[in-house]
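A short write-up of the structure that comes next.
The values are calculated or read from the model by the stated rules, or taken from the named source; none is laboratory data. Given the structure is predicted, the values throughout are model-derived calculations rather than measurements. Quick reminder, even Gly has a Cβ in these numbers, built from the backbone with ideal geometry, and neighbours come from all protein chains shown. Note: accessible area is taken over every heavy atom of the protein model, side chains too, but ligands, DNA and RNA are not part of it. Shrake-Rupley method; radii C 1.70, N 1.55, O 1.52, S 1.80 Å.
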Amino acid sequence: MNGKTCIVIGGGYAGIHAVKAILKVWKAGGDQGPLRLVLIDKQSEHIRKVLLFKPAATAESVIKVPFKELFPEGVKFVQGTVTGIDSQKREVWVQDLQGGIQSISYDMLVAALGSVVRQPASEQGGIALADLDSARRIRETWQHNLEKAARESDSQERQRLLTIAVAGAGISGMETAAELAHYARAEARNRGLLEDDVRIHLYNAIDRLFPEGPKKVGQKLERHLSASGVSAVHGCKVLQEKEGVLTLSTGDTARAGLCIWTLGLLPNPALQAMGLPVNEEGYVMVDRSYRVNGAPGVYSIGDCAHITDAASGRADGKTCKEAIAQAVRLGRIIVADLEGRRAPEHESYMDSFCFGLGPEQGMAWTRKWGIDFVITGKLGWALRKFTWDSASFQ
Ligand SMILES: Cc1cc2nc3c(=O)[nH]c(=O)nc-3n(C[C@H](O)[C@H](O)[C@H](O)COP(=O)(O)OP(=O)(O)OC[C@H]3O[C@@H](n4cnc5c(N)ncnc54)[C@H](O)[C@@H]3O)c2cc1C
């Protein structure tokens with residue numbers, strides 16, 4: 001049989017696991033012929049997005065992994081931005097770093113372009129935790145504030161400088177707040193300030209943490225956060241940060257030296273322009289086996305796709321674990337499609353979440369047979385670390 005070219009666009013969690021799964025099914029044999037596997041990404045490195053809060057808190061974090069290190073052989077890596085997909089001609093257009101455009105032909109294409117971080121309007125102030133640059137700016141800002149606080153004689157201004165607001169209390173907000181509490185308090189001690197004067201306020205639009213799971217798990221998380229120096233402010237959104245003053249949805253104001261936005265994710269706006277069919281929200285429309293509607297040979301998984309469980313009607317979340325499970329299934333789907341066999345279909349991932357609650361602190365929750373299991377302590381941390389590391393083949 002002739003060889004096949006499979007292109008994977010996007011080397012995030014969905015993309016790298018798709019590459020691995022495709023290599024694995026090809027290695028396992030069959031009559032698919034030789035494989036030319038091409039991974040295309042804007043960057044030269046896989047970004048461990050779920051750890052973005054780390055460079056916001058400490059310089060000792062490594063969250064980039066070069067693609068060449070992840071896939072030393074069997075994969076051709078092309079650095080460039082995919083600007084269009086012609087699903088009739090089976091070609092993608094890729095713009096390189098110099099602005100040149102090349103087209104690459106494919107037999108199979110996996111669109112795993114991810115999502116973008118929801119950003120407030122620029123007049124709303126603050127810094128959104130969106131990428132490595134913003135994470136570094138966050139760290140520079142709170143460190144600069146602590147430096148100023150150590151010299152400040154006015155106690156109210158000192159307190160403002162020592163206050164950090166985290167606006168958005170999803171997992172990213174909680175993990176960011178917990179990590180910052182640890183490092184900012186340590187830095188305060190080093191500068192001769194009182195660590196208890198460092199205040200981290202986690203603003204939450206709804207009335208409890210962790211709405212995805214049981215209330216008691218949300219309460220447990222809140223107790224852990226509180227013990228590390230993070231206070232949750234429920235039923236309150238930050239509307240704006242201007243010159244150190246926060247305007248809140250309750251009509252009140254509060255003072256803070258830094259406001260960090262952790263507002264969740266939005267569909268990648270490039271998807272539609274690229275020629276992929278998207279739903280009203282902007283996610284790529286796929287069938288039960290991740291095949292893109294009306295585009296033969298094209299599949300889409302991860303944050304960029306709208307994927308639902310046919311049995312329950314439940315849509316997959318935009319999380320790492322769901323992206324990885326889809327990628328693993330996709331390898332088997334692609335080979336089944338090539339061989340003309342019935343392909344596996346999507347099934348929801350089990351209910352489970354892991355939380356990092358500061359260095360070497362973690363918690364995991366899962367629900368099985370209708371029973372909630374909560375793991376804390378060393379095992380909770382080990383599970384959290386395992387999910388982070390295995391997601392990026394570390
Ligand atoms: C701050 C933050 C914290 C998070 N915390 C958690 C968490 O604790 N747990 C959890 O499960 N999930 C978390 N998430 C969500 C998680 O990161 C996503 O669900 C996951 O990254 C989805 O993987 P993906 O491969 O679909 O997309 P991504 O990881 O976003 O990867 C997409 C890739 O596509 C590339 N790309 C995009 N457009 C183009 C283009 N036009 N051409 C070429 N390449 C392109 C990008 O460079 C990127 O490498 C968090 C997200 C953020 C932003």
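Quick grid of which residues meet (1) under 27 Å from VAL117 (Cβ atoms); (2) in a strand (DSSP E or B); (3) free of Cβ contacts under 8 Å to residues at least 60 places away in the same chain:
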{"site": "GLY282", "(1), (2), (3)": "yes, no, yes"}
{"site": "MET285", "(1), (2), (3)": "yes, yes, yes"}
{"site": "SER289", "(1), (2), (3)": "no, no, yes"}
{"site": "PRO296", "(1), (2), (3)": "no, no, no"}
{"site": "TYR299", "(1), (2), (3)": "yes, yes, no"}
{"site": "ASP303", "(1), (2), (3)": "yes, no, no"}
{"site": "ALA311", "(1), (2), (3)": "no, no, yes"}
For ILE324, are the conditions met, namely being within 18 Å of the chain's Cα centre (by Cα) and assigned to a helix (DSSP H, G or I)? yes
With LEU202, LEU239 as the choices, which residue is open to solvent by 70 Å² or more (accessible area, probe 1.4 Å) and under 24 Å from the mean Cα position of the chain (by Cα)? LEU239
Pull out all pairs, ordered by first then second residue, where Cβ-Cβ is under 9 Å, the residues are six or more apart or on different chains, the first lies in the stretch 370-394 and is in contact (Cβ under 8 Å) with a residue 60 or more places away in the chain and within 20 Å of ILE47 (Cα to Cα), and the second is away from the ligand (no atom under 14 Å from the Cβ) and of a type outside the set (Asp, Glu). TRP388/GLN394
With the checklist (1) open to solvent by 20 Å² or more (accessible area, probe 1.4 Å); (2) assigned to a loop (DSSP other than H, G, I, E, B); (3) of a type in the set (A, V, I, L, M, F, W, C) in hand, flag the one item ALA232 doesn't pass. (2)
Any idea which of GLY84, GLY29, GLY80 is open to solvent by less than 40 Å² (accessible area, probe 1.4 Å), free of Cβ contacts under 8 Å to residues at least 24 places away in the same chain and not charged (D, E, K, R)? GLY29
Can you tell me which of (1) within 15 Å of the ligand (Cβ to nearest atom); (2) in contact (Cβ under 8 Å) with a residue 40 or more places away in the chain is the one SER348 doesn't meet? (2)
Considering the stretch 145-185 alone, what residues qualify as being open to solvent by 20 Å² or more (accessible area, probe 1.4 Å) and within 27 Å of the chain's Cα centre (by Cα)? GLY170, ILE171, SER172, HIS182, TYR183, ARG185
Name every residue in the stretch 367-378 that is assigned to a helix (DSSP H, G or I) and either at pLDDT 95 or above or small (Gly, Ala, Ser) (or both), in order of residue number. GLY377
Checklist (1) open to solvent by less than 20 Å² (accessible area, probe 1.4 Å); (2) in a helix (DSSP H, G or I); (3) assigned by TED's automatic domain parsing to the domain that holds ARG139 applied to LEU271, failing item: (3)
Filter the stretch 15-26 for residues that are within 13 Å of the ligand (Cβ to nearest atom), in contact with a strand residue (DSSP E or B) (Cβ under 8 Å, 6 or more places away or on another chain) and open to solvent by 10 Å² or more (accessible area, probe 1.4 Å) and give the result. none
Among the residues of the stretch 145-165, is there at least one that is in contact (Cβ under 8 Å) with a residue 12 or more places away in the chain, within 24 Å of LEU265 (Cα to Cα), within 15 Å of the ligand (Cβ to nearest atom) and of a type outside the set (S, T, N, Q)? no
Would you be able to tell me the number of residues in the stretch 284-327 that are within 14 Å of the ligand (Cβ to nearest atom), surrounded by 17 or more Cβ atoms within 10 Å (Cβ to Cβ) and not acidic (Asp, Glu)? 20
Any hit, the stretch 252-259, residues being farther than 20 Å from GLY380 by Cα and within 16 Å of the ligand (Cβ to nearest atom): yes
